[in-house]
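One structure is given here, and the rest of the page talks about it.
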Amino acid sequence: MIVMKFGGTSVANFEAITRTIFIIGSKLDKKPIVVVSALSKITDLLYAISDAATAKDAASTTEYLAQLRKRHVDLTEELLAQSVLKEEAVAKVNELCDGLDKIAMAVCSLGELSDKNKAIIISTGEYLSSTIIAYAMNAKGIRTKWVDSRTMMITNKSYLKAEPDMDAIAERAPKLISEAYEGMDAIIMQGFVGVTEEGKPTVLGRGGSDYSASLIGMAVDAERIEIWTDVDGVLTADPRKVKNTKYLEKISYEEAAEMAHFGAKVLHPLTIEPAVKKMIPLYVLNSMNPSGKGTAILRNELIEDGVKSVSFKENIKVINIFSMKMINTSGFLRRVFEIFSENRVSVDLISTSEANISVTVDAGEKIDKLVEQLSEFCDVIVDDDKAQVSVIGKNIVRLNGMLKKTFMPLKRTNVYMISQGASFVNISFVVDREELTEVVQDLHDHLFDNPEELETF
């Protein structure tokens, strides 16, 4: 079996879905498990529906619901124009939209939206897209079974950013998928969605469809996991910020995880872990260029040493914690990070000295209470409008001359913090946000356009 995940741009419209079905049809001998996202921009529309309903804005809620229904009904009619399945498919789409309308208007009436109901609303896009594509595949002669991911994607009770129970998924999925495959050429499931042990709907958070695909791949011990998107693979940097980026033929699990964590947009940061558990190869492929090689994400020993990427986070804060008396006191660091944990604030980089701890957090993190608590026993200064840059590659920390090569193009740049990963895979630093574009471009040019032989020590 293989798992094939198709993102929103791969199922955006008639042309994209037709192309996606062709890709799936070319791999029926591999028994594909197809995982799909909502149509492009639909999740944004569902968030808009939930926001308008919560604000008791009936006019906007009704308008957004009508837009969503029209797009899906029109697409169904277009894909199934010549099929006897069209009437049944349109009826099913309308049924799903009716259910959404009922929940949204109830919220609009009350002005209250529980996390559980929000999870139901924002996951409707996956149920609509998977339903439409399943009908379209059957109309093309591919015997396809629609499967509800919530029968096996067990999570905790964090409704809007759920954490999957890998053991429960591994226990349930193989049997359910095997049963679903009886007499079928393919099965189709929803990414992003989950359910608690008690049966209450959850979602995995934005970008969670990649994660879903990897979890299913792990559970069934898939031959490979394919992430189909709208780019030819993983790049050496974000092309929206950097010119002359290059595609990477292959990278390691560890490199991919670091890239995702430190700002690369191609993969959800958590996608790698389930694949690693079973050493399942991951491939990032372009549904608009199916013949392309894409990028293979493989075991560490199959990957050469060296720089693979310049990644970044565009908007971060640096929290500087000062204490002349307590920094080396037993239990001080524990106390500091307990406060971070209590406030559910995630830390990216950490740097320490005799009297200072510096950490980076995303600019969107709510830190007012955290700063207040820390200030009870130390001095705290928060620097806003900073950016984080990470040079990523296998064993780069152990390459002679790598630090010099990294910082040589930054002679006129203020560097506020440097962190070198213990995994030997990344060197990260903090600069002013306004300088990010120039820094990343100069660094990328220096590392990739002026290659030098570096030896591992």
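The values are calculated or read from the model by the stated rules, or taken from the named source; none is laboratory data. The structure displayed is predicted, hence computed values, not measured ones. Ideal geometry is used to build each Cβ from the backbone, glycine not excepted, and the neighbour counts take in all protein chains shown.
Where residues in region 163-194 are buried (at least 17 other Cβ atoms within 10 Å of the Cβ) and acidic (Asp, Glu), which of them is nearest to the chain's Cα centre (by Cα)?
In this case the residue turns out to be Asp165.
Identify the residue in region 1-35 that is assigned to a loop (DSSP other than H, G, I, E, B) and of a type outside the set (Gly, Ala, Ser) and, among all such residues, is farthest from Ala180 (Cα to Cα).
If we filter region 1-35 for residues that are assigned to a loop (DSSP other than H, G, I, E, B), which is where we start, we get 1, 7, 12-13, 26-27, 31.
From what is left, the residues that are of a type outside the set (Gly, Ala, Ser) are 1, 13, 27, 31.
Values: Met1: 13, Asn13: 27, Lys27: 18, Lys31: 12 Å.
It comes out as Asn13.
Taking Val266, is it surrounded by fewer than 22 Cβ atoms within 10 Å (Cβ to Cβ), of a type outside the set (Asp, Glu) and under 16 Å from the mean Cα position of the chain (by Cα)?
On the way: surrounded by fewer than 22 Cβ atoms within 10 Å (Cβ to Cβ): yes; of a type outside the set (Asp, Glu): yes; under 16 Å from the mean Cα position of the chain (by Cα): yes.
In short, yes.
So, of the residues in region 124-162 that are surrounded by fewer than 22 Cβ atoms within 10 Å (Cβ to Cβ) and small (Gly, Ala, Ser), which turns out to be farthest from Glu77 (Cα to Cα)?
Ser158
Of the conditions (1) exposed (fewer than 14 other Cβ atoms within 10 Å of the Cβ); (2) within 12 Å of Ile321 (Cα to Cα), Arg344 fails just one. Which one is it?
The failed condition is (2).
Being within 20 Å of Leu160 (Cα to Cα) and buried (at least 18 other Cβ atoms within 10 Å of the Cβ): is that true of Ile42 here?
Yes, satisfied.
Yes or no, residue by residue, for (1) more than 16 Å from Val203 (Cα to Cα); (2) among the hydroxyl-bearing types (Ser, Thr, Tyr):
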{"site": "Glu95", "(1), (2)": "yes, no"}
{"site": "Lys102", "(1), (2)": "yes, no"}
{"site": "Ala106", "(1), (2)": "yes, no"}
{"site": "Gly111", "(1), (2)": "yes, no"}
{"site": "Lys116", "(1), (2)": "no, no"}
{"site": "Ser123", "(1), (2)": "no, yes"}
{"site": "Ile133", "(1), (2)": "yes, no"}
{"site": "Asn138", "(1), (2)": "yes, no"}
{"site": "Lys145", "(1), (2)": "yes, no"}
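Of the residues Asp148, Asp167, Asp230, only one is acidic (Asp, Glu) and farther than 21 Å from Pro32 by Cα; which?
Details: Asp148 fails: farther than 21 Å from Pro32 by Cα; Asp230 fails: farther than 21 Å from Pro32 by Cα.
None of the other options fit; the residue is Asp167.
If a residue has to be within 21 Å of Glu223 (Cβ to Cβ) and part of a loop (DSSP other than H, G, I, E, B) to count, how many in region 165-191 make the cut?
5
In region 427-455, which residues are surrounded by 14 or more Cβ atoms within 10 Å (Cβ to Cβ) and at pLDDT below 85?
Leu454
Regarding region 53-66, can at least one residue be identified that is buried (at least 16 other Cβ atoms within 10 Å of the Cβ), in a helix (DSSP H, G or I) and among the aromatic types (Phe, Trp, Tyr)?
Yes, that holds for at least one residue.
Regarding region 150-167, can at least one residue be identified that is over 26 Å from Ser40 (Cβ atoms) and of a type in the set (Gly, Ala, Ser)?
yes
Looking at Glu112, Glu87, which one is surrounded by fewer than 14 Cβ atoms within 10 Å (Cβ to Cβ), of a type in the set (Asp, Glu) and either in contact with a strand residue (DSSP E or B) (Cβ under 7 Å, 6 or more places away or on another chain) or at pLDDT below 95 (or both)? Give the derivation first.
Values: Glu87 fails: either in contact with a strand residue (DSSP E or B) (Cβ under 7 Å, 6 or more places away or on another chain) or at pLDDT below 95 (or both).
That would be Glu112, the only listed residue that is surrounded by fewer than 14 Cβ atoms within 10 Å (Cβ to Cβ), of a type in the set (Asp, Glu) and either in contact with a strand residue (DSSP E or B) (Cβ under 7 Å, 6 or more places away or on another chain) or at pLDDT below 95 (or both).
For residues in region 226-257 being part of a helix (DSSP H, G or I) and more than 13 Å from the chain's Cα centre (by Cα), which is farthest from Met153 (Cα to Cα)?
Only one residue fits best here, namely Glu255.
Among the residues of region 192-217, write down those that are more than 14 Å from Pro32 (Cα to Cα), in a helix (DSSP H, G or I) and of a type outside the set (Phe, Trp, Tyr).
Gly208, Ser209, Asp210, Ser212, Leu215
Among (1) buried (at least 21 other Cβ atoms within 10 Å of the Cβ); (2) at pLDDT 90 or above; (3) touching a Phe, Trp or Tyr at 6+ places or on another chain (Cβ under 9 Å), there is one condition Glu255 misses while meeting the rest; what is its number?
(3)
Report the residue count in region 111-150 for those that are of a type in the set (Lys, Arg) and either in a helix (DSSP H, G or I) or closer than 14 Å to Thr54 by Cβ (or both). Explain how you work it out, then say what you get.
Going through region 111-150, the residues of a type in the set (Lys, Arg) turn out to be 116, 118, 140, 143, 145, 150.
Still in the list and also either in a helix (DSSP H, G or I) or closer than 14 Å to Thr54 by Cβ (or both): 116, 118, 150.
Number of matching residues: 3.
Looking at region 1-29, which of its residues are hydrophobic (A, V, I, L, M, F, W, C), surrounded by fewer than 24 Cβ atoms within 10 Å (Cβ to Cβ) and touching a Ser or Thr at 6+ places or on another chain (Cβ under 7 Å)?
Taking region 1-29 and keeping what is hydrophobic (A, V, I, L, M, F, W, C), we get 1-4, 6, 11-12, 14, 16-17, 21-24, 28.
Subset that is surrounded by fewer than 24 Cβ atoms within 10 Å (Cβ to Cβ): 1-2, 12, 14, 16, 21-24, 28.
Once the filter is applied, which keeps residues that are hydrophobic (A, V, I, L, M, F, W, C), surrounded by fewer than 24 Cβ atoms within 10 Å (Cβ to Cβ) and touching a Ser or Thr at 6+ places or on another chain (Cβ under 7 Å), region 1-29 yields Ala12, Ala16, Ile23.
So the check is Cβ under 9 Å with 6+ separation or different chains; which pairs have a first residue in region 71-89 that's of a type in the set (Lys, Arg) and a second one that's in a loop (DSSP other than H, G, I, E, B) and crowded, with 16+ Cβ neighbours inside 10 Å?
Close Cβ pairs satisfying both conditions: Arg71/Leu39; Lys86/Leu80.
Of the numbered conditions (1) touching a Ser or Thr at 6+ places or on another chain (Cβ under 9 Å); (2) in contact (Cβ under 8 Å) with a residue 60 or more places away in the chain, Pro32 satisfies every one except a single condition; which is it?
(1)
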